[in-house]
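The values are calculated or read from the model by the stated rules, or taken from the named source; none is laboratory data. This is a predicted model, so every value here is computed, not measured. Cβ coordinates were reconstructed from backbone atoms using ideal geometry, including for glycine residues, and neighbour counts include every protein chain displayed.
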């Protein structure tokens, strides 16, 4: 049996039942924390633009409803993936929480002020989102291995952010007030996003060693999680700000609109890396 079929085959009933129980516990815990956060009301200023707590409650309800339907039901996948999307938005901003928590114990960076309850909600939402996505994927008998177009998409999605940073470094004025001109060329950004694109290429390539394949998949999932978390904050946060759901820091004056799609490209890159990591590199055949 091929690796592709093994990876995407329907799980044994016992595994499916354990996954459902874990998902149920995670969603109920996430919803309970979100209700407490809603009752609390005010949070720290840095969370302006983050998803309101009630989004996590709706997301968990949709997720549990989606997996409760029969696997072949026409609406099951749509409802489940809507829940995954909303849980991704609910978890967005967790990276900033963690950096602030690190500052509490002395790691330099962001201010050591943390919305601990919000951090708990976002961490729980991320856990529930991962479990819901895994459960939904297991209900699909087989997924096709991603084609080369996914690698092309990775390179395209990796380009906007370093290009924008280089543009600001060169003296470009469009939306420059949002970040400010850099004194040095953004080598770090160029290297980091080029590495993400190269990693995506490696995930689509044949790799002979099982250890190498494991390391590639682990690194791919780590990068995808970070990019999805930050990208969801930009993409969903911008839409919610426009619709008046949140009062975030996003501004569209003086050309600053360009910042939102550039940062939202992180979300697209995270999706691409996640899809390639899900399939993983194929084993190189020996001659």
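The condition of being surrounded by 15 or more Cβ atoms within 10 Å (Cβ to Cβ), out of contact with any strand residue (DSSP E or B) (no Cβ under 9 Å at 6 or more places or on another chain) and either at positive phi or not in a loop (DSSP other than H, G, I, E, B) (or both) holds for residue 130.
Condition check: loosely packed, with under 15 Cβ neighbours inside 10 Å and closer than 27 Å to residue 148 by Cβ. Does residue 191 satisfy that? It is true that residue 191 is loosely packed, with under 15 Cβ neighbours inside 10 Å and closer than 27 Å to residue 148 by Cβ.
Rundown of residues vs (1) modelled with pLDDT under 95; (2) more than 23 Å from the chain's Cα centre (by Cα); (3) at positive phi, yes/no style:
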site: 169; (1), (2), (3): yes, yes, no
site: 174; (1), (2), (3): yes, yes, no
site: 193; (1), (2), (3): no, no, no
site: 209; (1), (2), (3): yes, yes, no
site: 214; (1), (2), (3): yes, no, no
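Kindly indicate whether any position in region 229-247 is within 15 Å of the chain's Cα centre (by Cα), modelled with pLDDT of 90 or more, crowded, with 21+ Cβ neighbours inside 10 Å and more than 18 Å from residue 56 (Cα to Cα). No, because not a single residue in region 229-247 is within 15 Å of the chain's Cα centre (by Cα), modelled with pLDDT of 90 or more, crowded, with 21+ Cβ neighbours inside 10 Å and more than 18 Å from residue 56 (Cα to Cα).
Among the listed residues 154, 123, 202, 182, identify the single one that is at pLDDT below 90 and out of contact with any strand residue (DSSP E or B) (no Cβ under 9 Å at 6 or more places or on another chain). Give the steps one after another, and end with the answer.
Numbers: 154 fails: at pLDDT below 90; 123 fails: at pLDDT below 90; 202 fails: at pLDDT below 90.
The match here is 182.
Please determine whether any residue of region 141-157 is surrounded by 14 or more Cβ atoms within 10 Å (Cβ to Cβ) and closer than 30 Å to residue 40 by Cα. There is no residue in region 141-157 that is surrounded by 14 or more Cβ atoms within 10 Å (Cβ to Cβ) and closer than 30 Å to residue 40 by Cα. Evaluate the following for residue 122: is it over 29 Å from residue 216 (Cβ atoms), in contact with a helix residue (DSSP H, G or I) (Cβ under 9 Å, 6 or more places away or on another chain) and assigned by TED's automatic domain parsing to the domain that holds residue 20? In short, no. I'd like to know if region 102-110 contains one or more residues that are at pLDDT 90 or above, crowded, with 16+ Cβ neighbours inside 10 Å and either part of a loop (DSSP other than H, G, I, E, B) or over 17 Å from the mean Cα position of the chain (by Cα) (or both). Yes: region 102-110 contains one or more residues that are at pLDDT 90 or above, crowded, with 16+ Cβ neighbours inside 10 Å and either part of a loop (DSSP other than H, G, I, E, B) or over 17 Å from the mean Cα position of the chain (by Cα) (or both). Could we say that residue 47 is within 22 Å of the chain's Cα centre (by Cα), free of Cβ contacts under 8 Å to residues at least 40 places away in the same chain and within 24 Å of residue 238 (Cα to Cα) here? It is false that residue 47 is within 22 Å of the chain's Cα centre (by Cα), free of Cβ contacts under 8 Å to residues at least 40 places away in the same chain and within 24 Å of residue 238 (Cα to Cα). Restricting attention to region 194-211 and to residues that are touching a residue at least 40 places away in the same chain (Cβ under 8 Å) and part of a helix (DSSP H, G or I), the residue that is surrounded by the fewest Cβ atoms within 10 Å (Cβ to Cβ) turns out to be 210.
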